[in-house]
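Single-structure report; data block below.
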Amino acid sequence: MSIIIAPSILAADFANLQRDIEMINNSEADWLHIDIMDGMFVPNISFGMPVMEAIQRHSKKPLDVHLMIEKPERFLSTFKDLGAFQITVHEECCPHLHRTIQQIKDLGCKAGVALNPHTNLNTLEYIIADLDLVCLMSVNPGFGGQKFIPLTYEKVSRLKELIVTRGSDCLIQVDGGVNEETGLKLVDRGADVLVAGSFVFNSSNPLQTISSLKKKLAELEQ
Ligand code: DX5
Ligand code: ZN
């Protein structure tokens, strides 16, 4: 399977949202990553439903929704209706994670769980077989443009082992500080999905940035 690139809309120019979404539509990106922040679980507020609705109206890429919000079960069906094909919740926000994952699946969406940098992988041992994706945060969630935390490399390798041991087919996503250098190393250790915000949107030619990352990743797979 080829590596999935998911540019994060958080790094787009919100005054030119339609332009930036159309740029992603015309790119080799696979998914569009949508960061929803509530100012409670994370120390920042990103955007809410009206912006998500505008994204849905223009995007031709599958919408990968990352909920950095407390009690995410309140809004699962709302985000499904706003076009999410996949919904990722934080383990740290879900005391009844098993139930929350079933709720996402019952809506017909793919279900993901995100882990903060300090959160132990063991917490996923009894749920990993039910998941479509694990998102390893390689920065503390809340802001784009932060520095990648190198311990994530080891975490990817260990998550891969857990997935194999438990016979799960879930994907490993890495989110935060991903660029070409970190991305290639992550894929080498088993990552399947790379989220990239500032690396893509702050580059002088985002289309070219995505295309060249795709090409380098394809070479790595050979
Ligand atoms: C961080 C978000 C990320 C962020 C990534 O809380 O979950 O998706 O947009 O941005 P970069 O790639 O700039 O670190
Ligand atoms: Zn994210």
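Run the numbers for residue 169 and residue 74: contour at 0.36 nm per residue of separation, minus the present Cα-Cα distance, in nm. Don't skip to the answer; put the middle values down first.
Details: separation 95, 0.36 × 95 = 34.20 nm, distance 2.74 nm.
So the chain would gain 31.5 nm between residue 169 and residue 74.
Taking the Cα-to-Cβ direction at residue 28 and at residue 207 and moving 7 Å from each Cα, how far apart do the two end points lie in nm?
1.4 nm
Just to be sure I understand the model, the point goes 7 Å from the Cα along the line to the Cβ. What's the resulting residue 157 to residue 81 distance in nm?
It is 4.7 nm.
Tell me whether the range 4-221 comes out rounded, prolate or oblate; compute the Cα gyration tensor, take square roots of the eigenvalues as a ≥ b ≥ c, and use a/c under 1.5 as the rounded threshold.
Oblate, since a/c reaches 1.5 and b/c is not below a/b.
Calculated FRET efficiency, residue 2 and residue 53, Cβ-Cβ r, R0 30 Å, to nearest 0.05? Intermediate values should be presented prior to the final figure.
Working: r = 30 Å, r/R0 = 1.01.
The calculated FRET efficiency here is 0.50.
Residue 123 to residue 45: extension gain in nm, 0.36 nm per residue of separation minus the Cα-Cα distance? Write out the running numbers ahead of the final one.
Values: separation 78, 0.36 × 78 = 28.08 nm, distance 2.69 nm.
My answer for the length gained is 25.4 nm.
Structure shown: which of 61/215; 61/214; 60/214; 80/216; 80/147; 61/147 lie over 23 Å apart, alpha-carbon to alpha-carbon?
Too far apart for the 23 Å limit: 80/216; 80/147; 61/147.
Residues of the range 4-221: accessible area per residue at 1.4 Å, in Å²?
44 Å²
For residue 220 and residue 15 in the same chain, what is the full-extension length gain: residue separation times 0.36 nm, less their Cα-Cα distance, in nm?
Details: separation 205, 0.36 × 205 = 73.80 nm, distance 3.66 nm.
Gain on stretching residue 220 to residue 15: 70.1 nm.
The values are calculated or read from the model by the stated rules, or taken from the named source; none is laboratory data. Values in this document were obtained by computation on a predicted structure and should not be read as measured data. Positions of Cβ are generated from backbone atoms using ideal geometry, with glycine treated the same way; all protein chains shown enter the neighbour counts. Note: accessible area is taken over every heavy atom of the protein model, side chains too, but ligands, DNA and RNA are not part of it. Shrake-Rupley method; radii C 1.70, N 1.55, O 1.52, S 1.80 Å.
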